[in-house]
1. Taking the conditions exactly as written (of a type in the set (Ser, Thr, Tyr), farther than 30 Å from Pro163 by Cα and assigned to a helix (DSSP H, G or I)), does Ser471 satisfy them or not?
2. For the stretch 391-409, which residues satisfy the criterion of being more than 15 Å from Ile339 (Cα to Cα), assigned to a helix (DSSP H, G or I) and open to solvent by 20 Å² or more (accessible area, probe 1.4 Å)?
3. Please determine, by comparing only the residues of the stretch 658-683 that are free of Cβ contacts under 8 Å to residues at least 12 places away in the same chain and touching a helix residue (DSSP H, G or I) at 6+ places or on another chain (Cβ under 7 Å), which one is surrounded by the most Cβ atoms within 10 Å (Cβ to Cβ).
4. Taking into account only those residues within the stretch 672-715 that are touching a strand residue (DSSP E or B) at 6+ places or on another chain (Cβ under 8 Å) and of a type in the set (Ser, Thr, Tyr), which is farthest from Leu653 (Cα to Cα)?
5. Within the stretch 253-270, can one find any residue that is open to solvent by 20 Å² or more (accessible area, probe 1.4 Å) and not in a helix (DSSP H, G or I)?
6. If you go through the stretch 551-558 one residue at a time, do you hit one that is at pLDDT below 90 and part of a helix (DSSP H, G or I)?
7. Mind listing whichever residues of the stretch 420-459 are at pLDDT below 85, open to solvent by less than 20 Å² (accessible area, probe 1.4 Å) and among the small types (Gly, Ala, Ser)?
8. From the list Asp523, Asp542, Asp481, Asp486, which residue is closer than 18 Å to Ser608 by Cα and at pLDDT below 85?
Amino acid sequence: MPISVNGALKGPNMPNWLKHLYTNFLVNHTFLSFAAVIVLIFIIGAQSDSFRMDASADSLVLENDQSLEYYRKVKKKYGTDDYLFVTFTPTKELFSEESIRQLTALKNQISALKEVDTVISLIDTPIFDPENISLANIEEDIYFVKDEGIDYAKAKSDILQIPLYVNLLVSEDGRSTALQANLKGNKNYFRLNDELRKLQWKQRKEGKLTPYELAAMQNLRNELRLLADEVAVRDATVIKAIRSLKESYKDVAKIYIGGVPMIAHDMVDYVKNDLIIFGVGIFVILIFIQAFIFRRLRWVIVNLGACILCAITAVGILGWLDWPVTVISSNFVALLLIITMSLMIHLIVRFRQVEREFEHLTYNDKVLETITSMFVPCAYTSLTTIVAFGSLMVSEIRPVIDFGKMMIMGVSLAFVLSFTLFPLFMLIKKKTSLDTRKHGAFFAFTNFLAKASDQWRWPVVVLSVIICLVSGFGMSKLSVDNRFIDYFKSDTEIYQGMKVIDTELGGTTPLEIIIERGAIEADFAFIEEESEDDEFEEEFEDDEEFADVAPAESPRLWMTSFGIEKLHKIQNHLDQIEMAGKVLSLSAGLQIVEQINGNKRLDDFELSILEKRIPQDLREQVLAPFYDRENDEVRFLIRVKESDPNLDRNQLLKDISQFLTEELNISEEHFHFTGMLILYNNMLESLFKSQILTLGAVFAVIMLMFIILFRSWKLALIGMVPNLLGAFFVLGFMGWSGIPLDMMTITIAAISIGISVDDTIHYIHRFKVEYARFGDYRKAMYECHDTIARAMYFTSITIMSGFSILVLSNFMPSIYFGVFTSVAMLVALIANLTLLPVLILLVKPIKADNKTLEEQVVEDSETILS
């Protein structure tokens, strides 16, 4: 098919071998090709049953984060975070016979759930009068709220005088209580994880594994994934059951559910719901907007069909590869639909243009011309979009890296299927769709921007510079200090539950401090000869009554009066931190014993007796979770208030570290922070670094591609400006507004550049063609705004409308993601239709040469294929 500037067809071309492939298969054997493609798609799509979401702790942490390994080690030793809080605020007085009966019934119903191991509640908590109790008569002095004939007013007064219970089991006002439902875990998890880590360590050290070890590693991964799925099912089942119980108590009490499993479960639920809302919304918008734009049902069906088939294929591939979608990559399918739709709109607009301008061609030639003329620019745009999303792989956050990989696969798939399905759809039902409507009024927007770009060139440049400067200053104010509670709307159950737990019952997010024996060793002056402690031990061993508890090992330094005094200092400091809720530790447990002991500290003898003679059930509740006797190591558990408006995780950790090192002279090597707060904080800290790396990588690689594609460093720089303007504007606005980066908004810059750069390539490519045709910059600009700008306008409006659907979400990161991506796309569209042509008109970077357009196009094709 001849191509010349003044002849018939214009635009870029595809290689001849690929054109022959289209002719021989898609054109000459349309129905057979269509059947083969559909069968292949549905074979792949059948794997979508294995498509799954993952919101485990592993999906929200850094790649190779050592803190995660330490966290697992601590959980193996002291117990997991797998527990739910159930708050209970009766309409009547909590300490009354009726309320206690209702609380007992609720506790028994939760305990009866097969997924629940134990339930800690007010019902089974020993109560005593701090003024009238002694160690000698402790059994007679302790009572329970479930006992018959007790004085409930006195019970309330007594329990509010026990510091350990306040803000843990009961609120300060005595109106609310909390039940802690400990969920059953799988004991094989830690064993399997240890085996997997050993193989991974060996692989990193030696560089390779035997075939047997590789197979074992894959089997371990599969088993751990199955365990993770079992945990997800367990959490969903028990949360659903407790919510059902909650409904039966709605007339007598306010009940809320909280805890780390609850947060993870609801995040997944909200994201799944968003996928449905976005999916349905984008299709509805696609139908209405394209019906309004194209006024032909045919184009709606063609576009819709391609999007659906592409989504089916992509989900099937994810299921086949066992590639789970996380909270961060949950918008993968939506973005895939948008990219597919964008490619299809460009093809539809081009086909309509070919129909108008080249009526003498046969129908098959018109379809083939559409494909051949759009192949190179669409290949350019797909490659640059792949590069933009590929930049996410420089992040240290594993789910962000996976999202980048998914989008690389998705964009490649969208390109291949768009250029396969469009000609098949058009050839199966051959129908002329020549549009004879007048478009002047309808495209007033693009025409206005063309005139503005022509008449107000320097004002456009000055305004853009001002926006860049203001946005840059706003970006300097960006932070990552966000809170879990801010991820949810204030009218949602999880938000209200976290608020109640934070303000009345001790806080939500676990922060743990592990302090080793070395932290106290320096405080003891050991001497070889027999000391007073040795004499004490001898006397202790000689006493027949206590012969079975005589210490035979090296002294446990923390379980001495000196060690406990040091723990009390740490406990008192942590209790005074405003954003810290309840602080649980060995010190907190011993405070009850000291209170029973007349508020007197226990001496070494009493501590030794206590450690040896404490009943097993109390040992598991008071000692085991906070004291590792074998290694002489202690643990503090701080439940941090996520709703505290002044929450600054970094400052919290800094303050605690400063106290331990400066006030207590504990070396940093002897204490460690862990817990979900640390894992999440590490991810947040990496967000800002990832944002800078992502933007830098996007700019560098796309700039290099632009230089190769446009063969002009001036055009490359000009092409980058409008895309960066959109990303800078959104990030700057977030900085000025005090909206922090989170695990979803971190991807806005890469996504907005990745999508909007398509428009830049299409516009510059079209501008070069029109300039070769007219030899005049102004005429080329007006022609571009009358042709390619329409497709840019269609795609951008549809994309923005689709993303705006996410404002219906209950998950705040999804709302921010939808709104800010829409804004970035709008700014980039306006910049591509104003600032881009203005810079081209002012700089005049395109030089006329003696090559025919056909020669230039062939050279372009060779460049992209290489």
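The values are calculated or read from the model by the stated rules, or taken from the named source; none is laboratory data. Just so it is clear, the structure is predicted and the values come from calculations on it, not from any experiment. Methodologically, a virtual Cβ is constructed for each residue, glycine included, from the backbone with ideal geometry; neighbour enumeration extends over all protein chains shown. For accessibility, only protein heavy atoms count, side chains too; no ligands or nucleic acids. Shrake-Rupley method; radii C 1.70, N 1.55, O 1.52, S 1.80 Å.
1. Yes, satisfied.
2. Correct list: Met393, Val394, Arg398, Ile401, Asp402, Lys405.
3. Thr661
4. If we take residues in the stretch 672-715 being touching a strand residue (DSSP E or B) at 6+ places or on another chain (Cβ under 8 Å) and of a type in the set (Ser, Thr, Tyr), then Ser690 is farthest from Leu653 (Cα to Cα).
5. Yes - at least one qualifying residue is present in the stretch 253-270.
6. Looking for residues that are at pLDDT below 90 and part of a helix (DSSP H, G or I), one finds none in the stretch 551-558, hence no.
7. Once the filter is applied, which keeps residues that are at pLDDT below 85, open to solvent by less than 20 Å² (accessible area, probe 1.4 Å) and among the small types (Gly, Ala, Ser), the stretch 420-459 yields only Ser433.
8. Answer to the check: Asp542.
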